[in-house]
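K.L.:
Encoded as structure tokens, here's the structure I'll be asking about.
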């Protein structure tokens, strides 16, 4: 494996352990799906949070179609993933992200 794959695998493993600890009633498929989303999402968040200028290279609302629609959909999926992760941790998510 390469370092990037190792990083993602470690993040998914940590997310799986946390989700398993908090939600004992999930089947293996759902657990793996949530762990992958949360782990990879955490790595993306950590990367993007180090520099606020990265969002300038990927405008959402000012992009032309169909790029705009795809980026809006990605933002909606990110919000849903964050909401689910916070919910698993017992933290109320804001209505609007």
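K.L.:
Apply 1/(1 + (r/R0)^6) to the Cβ-Cβ distance of residue 5 and residue 86, taking R0 = 25 Å, and write down the FRET efficiency to the nearest 0.05.
P.N.:
Taking R0 as 25 Å, the efficiency between residue 5 and residue 86 is 0.40.
K.L.:
Another question, if that's okay. Order these peptides, 79-92, 61-74, by their mean beta-carbon neighbour count within 10 angstrom, highest first.
P.N.:
So the order, starting with the most tightly packed, is 79-92, 61-74.
K.L.:
Does a label point 7 Å from the Cα of residue 49, set along Cα-to-beta-carbon, have any residues of region 60-97 with amide nitrogen under 20 Å, and which are they?
P.N.:
Taking a point 7 Å out along Cα→Cβ of residue 49, the residues of region 60-97 whose backbone N falls under 20 Å are 75-97.
K.L.:
How big is the chain by Rg and Dmax over its Cα atoms, in Å?
P.N.:
Cα only, the chain: 15.2, 44 Å (Rg, Dmax).
K.L.:
When a/c reaches 1.5 or more, the comparison of a/b and b/c decides; with that in mind, is region 3-51 rounded, prolate or oblate per its Cα gyration tensor?
P.N.:
Note, shape of region 3-51 comes out prolate.
K.L.:
If you don't mind, there's one more thing I want to ask. How much length, in nm to one decimal, is gained on full extension between residue 70 and residue 30, taken as 0.36 nm per residue of separation minus their Cα-Cα distance?
P.N.:
The residue 70-residue 30 span can extend by a further 11.9 nm.
Every number here is computed from the coordinates shown, using simple stated rules; none is lab data. No experiment lies behind these values; they were computed from the predicted model shown. Neighbour counts are summed over all protein chains in view; Cβ atoms, including those assigned to glycine, are modelled from backbone coordinates with ideal geometry.
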